[in-house]
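The values are calculated or read from the model by the stated rules, or taken from the named source; none is laboratory data. Quick caveat: nothing in here was measured; it's all calculated off a predicted structure. As a convention, Cβ positions derive from the backbone with ideal geometry for all residues, glycine included, and neighbour counts pool all protein chains shown. Side chains included, ligands, DNA and RNA excluded: accessible areas come from the protein's heavy atoms. Shrake-Rupley method; radii C 1.70, N 1.55, O 1.52, S 1.80 Å.
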There are 2 protein chains.
Amino acid sequence: MYWKPEIEILPRAQLHTLQIQRLQESLARAAQSPYYGTLFRKQGIRPESIRTIDDVRRLPFTTKDDLRSNFPYGFLTVPKQGAVRLHCSSGTTGNPTVIFHDNHDLASWADLVARSLYCAGLRDTDVFQNICGYGLFTGGLGFQYGAERLGALVIPAAAGNTRRQIKLMQDFGTTAIHTIPSYLFRLHSAFVELGLDPQRDTSLRLFVIGAEPHTEAQRQRIEALFGVRAFNSYGLSEMNGPGVAFECEHQNGLHVWEDAFLTEIIDPDTLQPVPDGEEGELVFTTLDRHAMPLIRYRTRDLTRFIPGECPCGRTHRRLDRISGRTDDMFIIKGCNVFPMQIEKVLMRFAEVGTDYVIELETIDGNDEITVKIELQKAWFTGDIEALEKLSRRIANEVRDEILVTPGVRLVEPGSLPKSEGKAVRVIDCRKS
Amino acid sequence: MYWKPEIEILPRAQLHTLQIQRLQESLARAAQSPYYGTLFRKQGIRPESIRTIDDVRRLPFTTKDDLRSNFPYGFLTVPKQGAVRLHCSSGTTGNPTVIFHDNHDLASWADLVARSLYCAGLRDTDVFQNICGYGLFTGGLGFQYGAERLGALVIPAAAGNTRRQIKLMQDFGTTAIHTIPSYLFRLHSAFVELGLDPQRDTSLRLFVIGAEPHTEAQRQRIEALFGVRAFNSYGLSEMNGPGVAFECEHQNGLHVWEDAFLTEIIDPDTLQPVPDGEEGELVFTTLDRHAMPLIRYRTRDLTRFIPGECPCGRTHRRLDRISGRTDDMFIIKGCNVFPMQIEKVLMRFAEVGTDYVIELETIDGNDEITVKIELQKAWFTGDIEALEKLSRRIANEVRDEILVTPGVRLVEPGSLPKSEGKAVRVIDCRKS
Ligand SMILES: [Zn+2]
Ligand SMILES: [Zn+2]
């Protein structure tokens, strides 16, 4: 069962033909923008000279800095009056990154989100509660338009006010939720405080989670806590927002919609493609965006293609979950560390709760790393000896992963500061 | 110039024919809902027996209490799976009021908002910054869909963060803003604090204001402050939200879209129509809503039809600005008072600033009314005698209007508490 079978199960040879055709169209459109127009002329790039998928490697990369330096209209292929929506990153200083959409783009985006939600199992009989920021953040409007297009009953719940979210779920029999994974833990605590059991007292059957990096173990904890399957969503505002790649019922990686996004994985240092199945930086070229096509956009997200075919029959390749971002990486005592590596270790411990934070400090001129970890309520006992033993076990396993021994501080459940939006995982207080 | 000339300048005889036809369809649809189905059967109401506009008086009224008592699905004409959006009022206790929309309803709503914005002068060449809450509040998504349909470039700015709002205006050359009137005063203060002049430093040319009662004098203050024309918008979530009635370029009342809303003005006590041009309670019957038609819905908003034709050529009648709500009214010393009566008096004084609050208290067993008023900066001097004189003048003029003499306390600009959303104008601390 597919939302758009003629695209989703298109044999790869035909998918390639479609990609080439759309790539040429996108390049021709991009050439209308001041930025690519100049660049293509300078580099002698002509859309019709791109004849195979591999030819894409002859095209220049685009980075977030390019977007910022050509703010606000440098990438627009139409007069700004031709656009009907913009989304931009926050911040009151410096140039944000902004993406413009015309009517075609909004329809195309809504269709991609509908396809993605359908792929994860959402149907027009579902009640879909969209718990995330609206406005300039792409998750709100992105999922709103997509879920409406799919035909679900959409509750534009927005973020915050957990008791009210629960009341909405109960009042309207919500069956599906989109939110960030860390919020689901907070939501579960609120159910418990109210003396409610989500499995008994709601009709929840499907979660869509994204916009925040998380491990497989965290997903499984969410699923166990609620008795609800949780599907990973991947997107970024430069590629519209949600609707770039999504898990299907097999939860074995995220199908990336290759009719809309030409997808490469490159070595972030050499900028060459990595061997198939190896990890690298995700690079996208939009294939169906009119107002603001982007060519070989470097996402800074790290992942790999999962080899082989998916039993669901979709021919679009699967991305592994994002293992980190090139700019999340920090260097401590000469070792490159991604926060996700540490999370992966922590999640192996049943004693560990839902929140942790990694602190980097300079102490006596040396850089030190400390991981503060909330324990599960049941494990936060007065047994100091047991806690010390646990700390040592965690420190050892983290060291095996990142090659540096961290300080470990086990803290009471609920004692780490909670952020309103995405969880803050790294606090870097080092003197530069 | 009209958005939908075939409807907007339709001769009234034809408009009536259209209304009758749509009223019959709406009644037939309403009869599919549990609530109206039962009610119509009990009262022997058959859609085809409604043959003239006056026949509408034979139909029952619907109130907010009816909506609440039949929460959540009592008014739905389709299975809930047929709806694709709901909006509901806030609150974590008691039944909210909820309105469901199907795809037809969302398209019809977007079209009404596009028509309204066009009527106020918005064009597809405008950059439209929508400064209001998104999510369940109808202003966000309502104006978003409508302005996109019109083809303007929409910035889904949402509410809050005034500096960022100003940065968006400057970055993208915002020409039009929708927001609540009290926010525009806050916005202007922020411009001043930043050393900016909105007339010199922005491209603003059009404001759309609504969702908060305000006087003509307040509108004129806004227009003078920014050098930008401000157009009144009227809507309520039970009638979708924005897009019910809107001012045209003549700013002489709000054209109510009579092809979509059959509009009556009744005496709230006798429930009979008031003579033409007299004030009463607004009552609407939806004529183009499928999932959840409402019949003779009592808005509790007080206004009147403005007699005569509008020079713009639109044949849809004009409503006067809302003078109050039947449930805003308070009784003090036996007199019925609407907060707007007091605001109207205050706005006559050049010395009075943008914020005021009406406090009701019981002192020594007597009900007392005090009006706390922020003065303009220039007038807040140490000249106590002048301030006392001003207080007395204000108290006298308010007494002439409401027949009760209020206490008047003049306070420093910025000293009254600011609410995040709509301004709170009445604080009733009386012992009941
Ligand atoms: Zn699959
Ligand atoms: Zn007019």
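Could you list, in sequence order, all residues of region A:1-32 that are in a helix (DSSP H, G or I), touching a Ser or Thr at 6+ places or on another chain (Cβ under 7 Å) and surrounded by fewer than 16 Cβ atoms within 10 Å (Cβ to Cβ)? Scanning region A:1-32 gives a single hit, A:12. Out of the residues in region A:77-95 that are out of contact with any Asp or Glu (no Cβ under 8 Å at 6 or more places or on another chain) and modelled with pLDDT of 95 or more, which is farthest from the other protein chains (Cβ to nearest Cβ)? Restricting to residues being out of contact with any Asp or Glu (no Cβ under 8 Å at 6 or more places or on another chain) and modelled with pLDDT of 95 or more, the top hit is A:77.
Among the residues of region A:33-80 satisfying the criterion of being under 15 Å from residue A:100 (Cβ atoms) and without any contact (Cβ under 8 Å) to a residue 24 or more places away in the chain, which is most open to solvent (accessible area, probe 1.4 Å)? Here the residue is A:79. When restricted to residues that are loosely packed, with under 13 Cβ neighbours inside 10 Å and modelled with pLDDT under 95, region B:200-215 contains 0.
Within region A:304-325, the residues that satisfy the criterion of being within 18 Å of residue A:401 (Cα to Cα) and open to solvent by less than 50 Å² (accessible area, probe 1.4 Å) are A:322, A:323, A:324. For residue A:218, the conditions (1) modelled with pLDDT of 95 or more; (2) not in a strand (DSSP E or B) all hold with the exception of (1).
For region A:419-432, what are the residues that are charged (D, E, K, R) and either at pLDDT 85 or above or exposed (fewer than 13 other Cβ atoms within 10 Å of the Cβ) (or both)? Matches in region A:419-432: A:420, A:425, A:428, A:430, A:431.
Would you mention how many residues in region A:223-276 are closer than 24 Å to residue A:11 by Cα, open to solvent by 40 Å² or more (accessible area, probe 1.4 Å) and not in a strand (DSSP E or B)? Adding up the residues that qualify gives 6. Just to be sure before I move on: is residue B:120 within 18 Å of residue B:253 (Cα to Cα), assigned by TED's automatic domain parsing to the domain that holds residue B:318 and either open to solvent by less than 20 Å² (accessible area, probe 1.4 Å) or of a type outside the set (A, V, I, L, M, F, W, C) (or both) in the structure I sent? Yes; evaluated as a whole, the condition is true for this residue. The condition of being touching a residue at least 24 places away in the same chain (Cβ under 8 Å), over 26 Å from residue A:406 (Cα atoms) and away from ligand 2 (no atom under 16 Å from the Cβ) holds for residue A:298.
Residue by residue, here is whether (1) touching a Cys at 6+ places or on another chain (Cβ under 8 Å); (2) within 16 Å of ligand 2 (Cβ to nearest atom); (3) more than 14 Å from every other protein chain (Cβ to nearest Cβ) holds:
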| residue | (1), (2), (3) |
| --- | --- |
| B:257 | no, yes, yes |
| B:288 | no, no, yes |
| B:310 | yes, yes, yes |
| B:335 | no, no, yes |
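Of the residues A:359, A:343, A:412, A:385, which single one is touching a strand residue (DSSP E or B) at 6+ places or on another chain (Cβ under 9 Å), surrounded by fewer than 13 Cβ atoms within 10 Å (Cβ to Cβ) and among the acidic types (Asp, Glu)? Step through it out loud before you land on a result.
Numbers: A:359 fails: surrounded by fewer than 13 Cβ atoms within 10 Å (Cβ to Cβ); A:343 fails: surrounded by fewer than 13 Cβ atoms within 10 Å (Cβ to Cβ); A:385 fails: touching a strand residue (DSSP E or B) at 6+ places or on another chain (Cβ under 9 Å).
Of A:359, A:343, A:412, A:385, the one residue that is touching a strand residue (DSSP E or B) at 6+ places or on another chain (Cβ under 9 Å), surrounded by fewer than 13 Cβ atoms within 10 Å (Cβ to Cβ) and among the acidic types (Asp, Glu) is A:412.
Condition first: among the charged types (D, E, K, R) and near ligand 1 (Cβ under 9 Å from one of its atoms). Now tell me which residues in region A:308-330 satisfy that. Of everything in region A:308-330, those that are among the charged types (D, E, K, R) and near ligand 1 (Cβ under 9 Å from one of its atoms) turn out to be A:309, A:314, A:318.
Summed over region A:238-279, the residues that are under 26 Å from residue A:97 (Cα atoms) and at pLDDT below 95 give a count of 2.
As a summary of the residue check, residue A:151 satisfies the conditions (1) crowded, with 24+ Cβ neighbours inside 10 Å; (2) more than 21 Å from residue A:222 (Cβ to Cβ) except for the one numbered (1).
Give the residue, chosen from A:365, A:382, A:414, that is of a type in the set (Gly, Ala, Ser) and at negative phi. Among A:365, A:382, A:414, only A:382 is of a type in the set (Gly, Ala, Ser) and at negative phi. Selection within region A:115-168: residues that are acidic (Asp, Glu) and without any contact (Cβ under 8 Å) to a residue 40 or more places away in the chain. The member of this set that is nearest to residue A:200 (Cα to Cα) is A:124.
Name the residue, out of B:90, B:26, B:108, B:69, that is among the hydroxyl-bearing types (Ser, Thr, Tyr) and out of contact with any Lys or Arg (no Cβ under 8 Å at 6 or more places or on another chain). Walk me through it before giving the result.
Values: B:90 fails: out of contact with any Lys or Arg (no Cβ under 8 Å at 6 or more places or on another chain); B:26 fails: out of contact with any Lys or Arg (no Cβ under 8 Å at 6 or more places or on another chain); B:108 fails: out of contact with any Lys or Arg (no Cβ under 8 Å at 6 or more places or on another chain).
Unique residue meeting the criteria: B:69.
None of A:173, A:146 is surrounded by fewer than 24 Cβ atoms within 10 Å (Cβ to Cβ) and assigned by TED's automatic domain parsing to the domain that holds residue A:237 except A:173. Of the strands (runs of 3 or more DSSP E) lying entirely inside region B:97-160, the ones with 1 or more residues being more than 9 Å from chain A (Cβ to nearest Cβ) are found at B:98-101, B:127-130. The residue list A:374, A:385, A:412, A:359 contains one member that is among the charged types (D, E, K, R) and within 22 Å of residue A:219 (Cα to Cα), which is A:374. Every test in (1) surrounded by fewer than 20 Cβ atoms within 10 Å (Cβ to Cβ); (2) of a type in the set (A, V, I, L, M, F, W, C); (3) in a helix (DSSP H, G or I) is passed by residue B:196 save one, and that test is (3).
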